[in-house]
1. Using a simple charge model, +1 on the beta-carbon of Lys and Arg, -1 on the beta-carbon of Asp and Glu, nothing else, what dipole does the range 93-137 show about its Cα centre, in debye to the nearest 20?
2. Among Ile96, Ala80, Gln125, which residue has its Cα positioned farthest towards the positive end of the charge dipole of the range 66-135, with +1 placed on the Cβ of Lys and Arg, -1 on the Cβ of Asp and Glu, and the dipole taken about the Cα centre?
3. Determine the dipole magnitude for the range 187-292: charges of +1 sit on the beta-carbon of Lys and Arg, -1 on that of Asp and Glu, nothing else is charged, the reference point is the Cα centre, and the result goes in debye to the nearest 20.
4. Restricting things to Cα coordinates, could you compute the convex hull volume per residue of the range 104-243 in Å³?
5. Please report, in debye to the nearest 20, how large the charge dipole of the chain is about its Cα centre when each Lys and Arg carries +1 at its beta carbon and each Asp and Glu carries -1 there.
6. When all C-alpha to C-alpha distances in the range 187-256 are sorted into bins of 5 Å, what percent of pairs does each bin hold, rounded to whole numbers?
7. What does the helix-only formula give at 222 nm for the chain: each DSSP H stretch with n ≥ 4 adding -39500 (n - 2.57), the total divided by the residues, and the result rounded to the nearest 500 deg cm²/dmol?
8. Quick check: Cα centre of the range 6-55 to Cα centre of the range 168-234, how many Å?
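All of the numbers you see were taken from the coordinates with simple rules; none came from a lab. Note that the structure is predicted; figures quoted are calculated from it, not measured. Heads up, the Cβs are rebuilt from the backbone with ideal geometry, glycines too, and the neighbour counts pull from every protein chain shown.
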Amino acid sequence: MRPDRPPVETDADLAEAIDVIADRFDGRLGVLLGLSRGPDALDVLHRRNADEAFVAASTIKLPVLYALYEEYDGRLDALAEPRPIAAENRVGGSGIFHLLDDPTPSLEDLARATIAISDNAATNQLIDELGAERIEAAASRLGMADTRLRRKMMATLEGHDFEPLGEQPDGEPANVTTPADCARFFADIVHESTLSPAAYDRLRVPLDEQKDASLFARYLPYGTPIAHKTGGLPTAALDAGVVRADDGGTPPLVFTAFATQAENGGDAGDAVAAVGDAAFERFTALRRERGD
């Protein structure tokens with residue numbers, strides 16, 4: 001059910017709406033919302049715990065995607081090369097490749113499945129292809145300095161026990177990121193500041209086709225231009241991306257909404273969806289103010 005709340009016309013209204021969401025949510029909320037005017041220029045509408053580390057869930061797949069296109073920029077045709085998925089990487093959870101008898105996708109197939117359907121087997125194969133150190137280094141170059149990849153997907157579930165990809169701080173999740181880091185990723189996508197135009201054209205495809213609309217996008221009008229990546233755990237729901245104005249007149253809305261440490265993932269998903277609803281109403285008000 002769509003949240004019942006006062007109208008969100010101003011930044012103060014937005015802050016009040018998100019305060020209410022945070023008060024009703026039994027876990028931890030991280031939010032960064034802003035209009036992206038440049039790769040490092042964000043007109044912040046609201047931020048909450050934006051620089052703090054959160055369990056990444058499937059948002060860790062964003063730097064994997066970026067690292068692949070950074071590595072192959074200038075030789076993008078090589079992404080058509082086949083990469084069979086190793087048996088040990090064919091973990092379950094989200095995705096489809098683990099259900100197929102003999103999948104032999106291309107590198108670009110793996111990238112698109114990693115994001116569009118959050119395929120865990122595809123992600124693990126790309127981690128082997130690139131190496132965790134290279135992925136973290138690419139994330140750092142992009143400005144995602146607090147993002148850490150230290151475990152493959154489904155690492156300790158379904159009988160799998162992958163070796164750690166690097167040192168894991170005691171008592172902390174293996175894979176972490178921050179709302180600010182994910183916002184930086186999408187600001188780079190908007191402004192094409194680090195890769196070639198051809199690389200961005202291909203990198204954006206699975207972000208535009210991301211199939212999970214249950215979180216930030218839940219209450220957005222059908223057809224709203226959005227590119228994003230969701231993530232989920234039994235006690236968490238995460239979404240990060242960018243919403244564009246239909247006519248391009250208003251700078252795009254870059255968003256990150258993380259709800260973690262909940263009693264159940266459904267409550268976390270509802271919190272993220274409520275943030276999306278309030279944020280989009282403020283974005284719509286800004287477009288009216290600018291005459292878009």
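1. 140
2. After comparing all options, I get Ile96.
3. Result for the range 187-292 is approximately 160 debye, rounded to the nearest 20.
4. Given the Cα convex hull of the range 104-243, per-residue volume reads 134 Å³.
5. 380
6. 3, 15, 25, 25, 19, 9, 4, 1
7. So the helix-based figure for the chain works out to -12000 deg cm²/dmol.
8. A separation of 16 Å, based on Cα centres.
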